[in-house]
1. For the range 184-201, which residues satisfy the criterion of being in a helix (DSSP H, G or I) and closer than 14 Å to residue 163 by Cα?
2. Would you please name the residue that is surrounded by the fewest Cβ atoms within 10 Å (Cβ to Cβ), looking only at residues in the range 45-65 that are within 15 Å of the chain's Cα centre (by Cα) and within 16 Å of residue 110 (Cα to Cα)?
3. Considering 121, 85, which residue is surrounded by fewer than 18 Cβ atoms within 10 Å (Cβ to Cβ), modelled with pLDDT of 90 or more, over 18 Å from the mean Cα position of the chain (by Cα) and assigned by TED's automatic domain parsing to the domain that holds residue 45?
4. Among residues belonging to the range 174-192 that are out of contact with any helix residue (DSSP H, G or I) (no Cβ under 9 Å at 6 or more places or on another chain) and at pLDDT 85 or above, point out the one that is surrounded by the most Cβ atoms within 10 Å (Cβ to Cβ).
5. Going through 42, 73, 99 one at a time, which residue ends up being more than 15 Å from the chain's Cα centre (by Cα), more than 28 Å from residue 5 (Cβ to Cβ) and β-branched (Val, Ile, Thr)?
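The values are calculated or read from the model by the stated rules, or taken from the named source; none is laboratory data. What you see is a predicted model; the values in this text were computed from it and never measured. Here the Cβ positions follow ideal geometry from the backbone for every residue, glycine too, while neighbour counts run over all protein chains shown.
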Amino acid sequence: MWVARLKLRYDLSVMGKRCERYRVSSLGMSLSHYSSGENTSISYYETFTGEDQPLVLLSEDLKNDPTLKDIEIGSGVAFFRQELSNQQPHPRKMVPAGIFFLSPIKTDKEGLEHWELGCSSEQKLRDFVVLLQKEHLEIKVVSIASQPLQQEYGQVMPGLTDAQQEAVSLAAKRGYYNYPRKVDLQMLSGEAGKSLSTFREHLRKGEKKLFEEMFGKPEQILK
């Protein structure tokens, strides 16, 4: 499989301009889009990370946007549709058949969307990048490279070692993250055939990588 990692900034990005304005970040699923008459609707499911007050302002901003429909906003989570003219070249609706998102789209505090796309054809990925560039979008190609399929789907999240993946997967399957807990680390380490200290280390490091993948690395707190 060929994998392209891109960073994009464009005027029609719902989250890009808001993440930059309010200094928050979001992680969103790339949902379906469809055309009806002269308009196209793009569905979004977003989770937000940031300080409480900016998140409140972000939520109000979304609610007041006339191009957004069917808005539902909870605690740090939102679902909505963006309604656009068919003539507006939105990058998400330009993704051709055969190219798909490998992970949620992260929008950072600088307003950049981070895309990870997969395809069986390197040329098709490169042609799509050229298509985006022709629309005069701000786009940076981080990498386009061949990558084993197992590396993409064989782990809970990219970056975990086999031992970390095993620890996190076992903890999740046995209900370690449920409340109230019915299993503890001593029981999990015994099932994994590892010492308590070794299993705890693998689990904590795996959890840290997962959270950083979702929400970014922790910021330094200024006193």
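1. Scanning the range 184-201 gives 188, 189, 191, 192, 196, 197, 198, 199, 200, 201.
2. That would be 49.
3. None of the others qualify; the one that does is 121.
4. The qualifying residue surrounded by the most Cβ atoms within 10 Å (Cβ to Cβ) is 187.
5. 73
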